Amino acid sequence: MNKKVIILWVVTILCLVMTIVFWFLSRNVEVDYEEVKAVVTDASSRVVTNTKTKSKTTFYDVTVTYNDKEYDLKNVHGLSGYTKGRSVTAYLSNDKLYANVEGIKSTTPLSITYFVFLFATFALFIYTPTYMSKVKKAK
């Protein structure tokens, strides 16, 4: 087998192992946040269409006020419960308000590293066998 193919498989397996390690680490990360009550000042949704695939993605934009300061609420998955004037539970972390704790956890360095390894693993699981078949055809 070609030396480059062996190296690619080793890197692929290493990325897979690191993905699993960082998944466990990011699941159990302790995040610093404060549960607060904020008032919804605006809530809307917008649909964005991908011009190439024609697929549609809905984004939810919710603005809240907490301590006389306006925030864009992060990690909102729907508009139910976010009507104008309603008091909602939010999570304050690093001067940002989140709709749930998972939104805070997904922005930690451990979670970002997990996603980097996850995407690298997917890419390598596609690229490595493709490269390996090209090498075999060339022989």
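Here are some notes:
- With each label modelled as a point 7 angstrom along the Cα→C-beta vector, the Trp23-Lys137 pair spans 3.2 nm.
- Carbon and sulfur %, accessible surface of the chain computed with the full protein complex present, 1.4 Å: 59
- In the elastic network of the chain, a GNM with C-alpha springs shorter than 10 Å, the most mobile of Thr41, Thr49, Thr65 is Thr49.
- Hull shadow area, averaged, the chain [alpha-carbon convex hull, nm²]: 11.6
- Crossing angle, helix 3-27 versus the chain [Cα axis fit, 0-90 degrees, rounded to tens]: 20
- Using the alpha-carbon positions of the stretch 1-81, Rg (one decimal) and Dmax (whole number) come out as 21.3, 66 Å.
- Taking every DSSP helix (H) stretch of at least 4 residues in the chain, weighting each as -39,500 (n - 2.57) and dividing the sum by the residue count yields a mean residue ellipticity at 222 nm of -15000 deg cm²/dmol.
- In the stretch 1-92, trypsin sites (Lys or Arg not before Pro) in a DSSP loop with at most 13 other beta-carbon atoms within 10 Å: Lys52, Lys54, Lys84, Arg86
- Each Cα pair of the stretch 41-115 feeds into the Kirkwood radius, which the Stokes-Einstein equation turns, at 20 °C and 1.002 mPa s, into a diffusion coefficient of 155 µm²/s.
- Principal-axis analysis of the Cα atoms of the chain puts helix 109-138 at an angle of about 30° to the longest axis.
- Computed from the C-beta positions of Lys3 and Thr113, the FRET efficiency with R₀ = 25 Å rounds to 0.30.
- Relative contact order of the chain, pairs being alpha-carbon contacts under 8 Å that are 6 or more residues apart, as %: 30
The values are calculated or read from the model by the stated rules, or taken from the named source; none is laboratory data. Predicted, not measured: the structure shown is a model, and the values here were computed from it. Positions of Cβ are backbone-derived with ideal geometry, glycine not excepted, and every protein chain shown enters the neighbour counts. In case anyone asks, the SASA skips ligands and DNA or RNA and just uses the protein heavy atoms, side chains included. Shrake-Rupley method; radii C 1.70, N 1.55, O 1.52, S 1.80 Å.
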